[in-house]
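Right, one structure below, let's go through it.
The values are calculated or read from the model by the stated rules, or taken from the named source; none is laboratory data. Not measured: the values here are computed from a predicted model. Quick reminder, even Gly has a Cβ in these numbers, built from the backbone with ideal geometry, and neighbours come from all protein chains shown. Note: areas computed on protein heavy atoms with side chains; ligands, DNA, RNA excluded. Shrake-Rupley method; radii C 1.70, N 1.55, O 1.52, S 1.80 Å.
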Amino acid sequence: MSKREGEGYPRRMKTSQKTDDRDTGANLTSPVMAAFKVFQQELDTKHDKHERLVKLSRDITIESKRTIFLLHRVTSVPDVEEVLTEADLKLDGVRLNIRMIAEELRGEDLHQFHRAFTPGIQEYVEAVSFHHFIRHRTLISLEEINTKLVFVKEPEDTPEGQQPMGTPQVLTFQVTPTDYLLGVADLTGELMRMCISSVGNGDMDTPFQVSMFLRQIHDGFSYIGNTGPYEVSKKLHTLRQSLSKVEDACYTLKVRGSEIPKHMLADVFSSRTAMMDQDEGMA
């Protein structure tokens, strides 16, 4: 016993004893405790769903990037259609993951979980718009993208001789306008790389087609300006950089194309692009 306790001060109760007393005094059957149990289950369910959506988004991002890398081969292969067909198969696999997202979001508010899967959807928009440009030389619309994201879920298998239970269910996933715009903005960087690669393989028409296309996209984003989402205005600077590099390549082809051998054009453009990047970094 300490001196202070001996002088009449009350002995301190141990913390563990306090906690035990408090726990034994709690009424676990009270309506308040029951309500908090429900809240706990709802939060755990929402957290688990969020984690599954993040994983699906990562898978979509990885497969979409692989599709983009595959599409860049069109500048160096004789059969472009074969590459596009292979890319179609990869995009079908990506849509299977998007279907799983649609199943997770059935009956849920999309905006509650939007941040969990938006990176993957933006990468998918970039891949599918890149594929569409290579085949048609135009920009795919938001409606065309969403048309391919309508899935039919067949009823479960039934034993032989019995009628199938239930009717087919339709699952839809709608890409938001913001995700579409951000994916198109990222597309400009891939078009710039395709432009430089095509010149190195002797294709002198693609850079001018890409330049005209990027000007149209730049004009469209300029109309949006600061009135659109914050992320879109941030992408505008990168878009202008890509357009500047493509226009510089077209200028070199038009003015100095006859002076530089075709097999050296890619090296010339790569060095000029590196110099432009250094100048922008110093600025």
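Tabulated data
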item	result
Spin-label pair Ile224/Leu96, simplified geometry with 7 Å Cα→Cβ offset, distance in nm	3.2 nm
Around Glu104: net Lys/Arg minus Asp/Glu count, Cβ-Cβ under 9 Å	+1
Cβ crowding within 10 Å averaged over residues, with 206-216, 27-37, 126-136 ranked highest first	126-136, 206-216, 27-37
Spin-label pair Thr167/Gln41, simplified geometry with 7 Å Cα→Cβ offset, distance in nm	3.2 nm
Surface share of carbon and sulfur [accessible, 1.4 angstrom probe, percent] for segment 125-254	52 percent
Amide proton proximity set for Leu171, modelled H, under 5 Å, gap of 5+	Phe151, Val152, Lys153
Too-long pairs where the Cα-Cα distance tops 26 Å, listed order kept, from Lys55/Lys153; Lys49/Lys148; Lys65/Lys254; Lys49/Lys153; Lys46/Lys153	Lys65/Lys254
Accessible area per residue in Å² at 1.4 Å probe, computed on segment 185-254	48 Å²
